[in-house]
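The next block holds one structure in the form of structure tokens; read it before the comments.
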């Protein structure tokens with residue numbers, strides 16, 4: 001089927017980035033959230049990010065204007081029923097995602113493809129709670145969406161070939177590259193990335209190195225653009241912990257046990273950049289290590 005209209009559920013960091021790239025690629029985007037304030041902030045952020053692309057001569061002012069004109073918002077989840085493709089980018093909690101799909105399904109066109117931007121939750125399990133498991137896939141964008149070139153395509157056990165091909169074509173139209181992953185906990189990127197971050201936290205927890213020495217070692221010793229603890233703060237420590245728990249529960253292997261220090265930071269509400277404190281304190285002019 002030809003996909004022209006896209007519904008995005010969630011106006012947070014991932015949702016607004018997804019809306020940005022789809023509108024820029026010529027799709028009509030309808031963004032939904034439970035908060036009008038969140039929707040307004042998302043549209044404003046997309047406008048600023050597109051303006052930055054104009055200032056860097058990546059796009060023209062007319063292209064930006066056309067992209068912004070393709071974005072609309074709604075507080076009613078049912079309004080997304082008329083779109084060709086729905087991308088759920090809500091909180092990384094399975095119960096929340098299931099509730100969203102159960103509320104949305106009665107309003108969908110028969111041909112609408114349903115997807116989740118989940119970074120770790122079983123696509124097969126999410127799909128089983130809908131009326132169209134054959135038209136359900138994992139559609140995992142990397143953060144920040146306008147910058148990162150990869151999209152993970154994850155088939156559930158029931159996903160049909162037509163759905164996979166349709167989404168593969170969408171990724172190409174976005175100008176990004178897809179990697180196909182099997183439906184196992186955390187897929188490819190986070191299956192490799194999160195244990196590395198967790199091991200960095202263990203390295204801190206056991207006193208092998210400080211926050212700054214661990215991050216400097218990985219940036220300079222392995223040529224990573226960000227140290228693992230800095231990256232964890234950027235992702236959100238709650239998200240890192242949630243993915244480690246999915247890996248630990250789903251694969252039943254002790255090597256995926258979340259570091260107690262990661263759990264302690266999350267319990268303290270020190271979730272990284274979004275709360276002002278994580279492995280670094282962001283409340284001053286420059287980030288300061290908290291350990």
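Looking only at the range 125-165, how many residues end up being within 25 Å of residue 13 (Cα to Cα), in contact (Cβ under 8 Å) with a residue 40 or more places away in the chain and either not assigned by TED's automatic domain parsing to the domain that holds residue 28 or not in a strand (DSSP E or B) (or both)?
So the answer is 5.
Here are some conditions: (1) touching a strand residue (DSSP E or B) at 6+ places or on another chain (Cβ under 9 Å); (2) closer than 14 Å to residue 145 by Cβ. Residue 25 meets all but one. Which one does it not meet?
Condition not satisfied by residue 25: (1).
Which one of 63, 43, 96 is within 20 Å of residue 176 (Cα to Cα) and assigned by TED's automatic domain parsing to the domain that holds residue 136?
The unique qualifying residue is 63.
Looking only at the range 81-89, decide whether some residue is surrounded by fewer than 19 Cβ atoms within 10 Å (Cβ to Cβ) and assigned by TED's automatic domain parsing to the domain that holds residue 142.
yes
Right, residue 121: closer than 25 Å to residue 253 by Cβ, outside the structural domain of residue 262 (by TED's automatic domain parsing) and not in a loop (DSSP other than H, G, I, E, B) or not?
no
Check the range 264-273 and report whether any residue there is assigned by TED's automatic domain parsing to the domain that holds residue 234, loosely packed, with under 14 Cβ neighbours inside 10 Å and on the phi > 0 side of the Ramachandran plot.
yes
Looking at 125, 129, can you tell me which residue is modelled with pLDDT under 95, farther than 27 Å from residue 45 by Cα, surrounded by fewer than 17 Cβ atoms within 10 Å (Cβ to Cβ) and over 11 Å from the mean Cα position of the chain (by Cα)?
Of 125, 129, the one residue that is modelled with pLDDT under 95, farther than 27 Å from residue 45 by Cα, surrounded by fewer than 17 Cβ atoms within 10 Å (Cβ to Cβ) and over 11 Å from the mean Cα position of the chain (by Cα) is 129.
Would you point out which residue out of 101, 22 is without any contact (Cβ under 8 Å) to a residue 40 or more places away in the chain, over 22 Å from residue 273 (Cβ atoms), surrounded by 14 or more Cβ atoms within 10 Å (Cβ to Cβ) and in the same structural domain as residue 117 (by TED's automatic domain parsing)?
The match here is 101.
Counting only residues that are without any contact (Cβ under 8 Å) to a residue 40 or more places away in the chain and in contact with a helix residue (DSSP H, G or I) (Cβ under 6 Å, 6 or more places away or on another chain), how many does the range 270-281 have?
Of the residues in the range 270-281, 1 are without any contact (Cβ under 8 Å) to a residue 40 or more places away in the chain and in contact with a helix residue (DSSP H, G or I) (Cβ under 6 Å, 6 or more places away or on another chain).
The values are calculated or read from the model by the stated rules, or taken from the named source; none is laboratory data. This structure is a prediction, so every number in the text was calculated from the model and none was measured. When we count neighbours, we look across all protein chains shown, and the Cβ atoms used for this are built from the backbone with ideal geometry, even at glycine.
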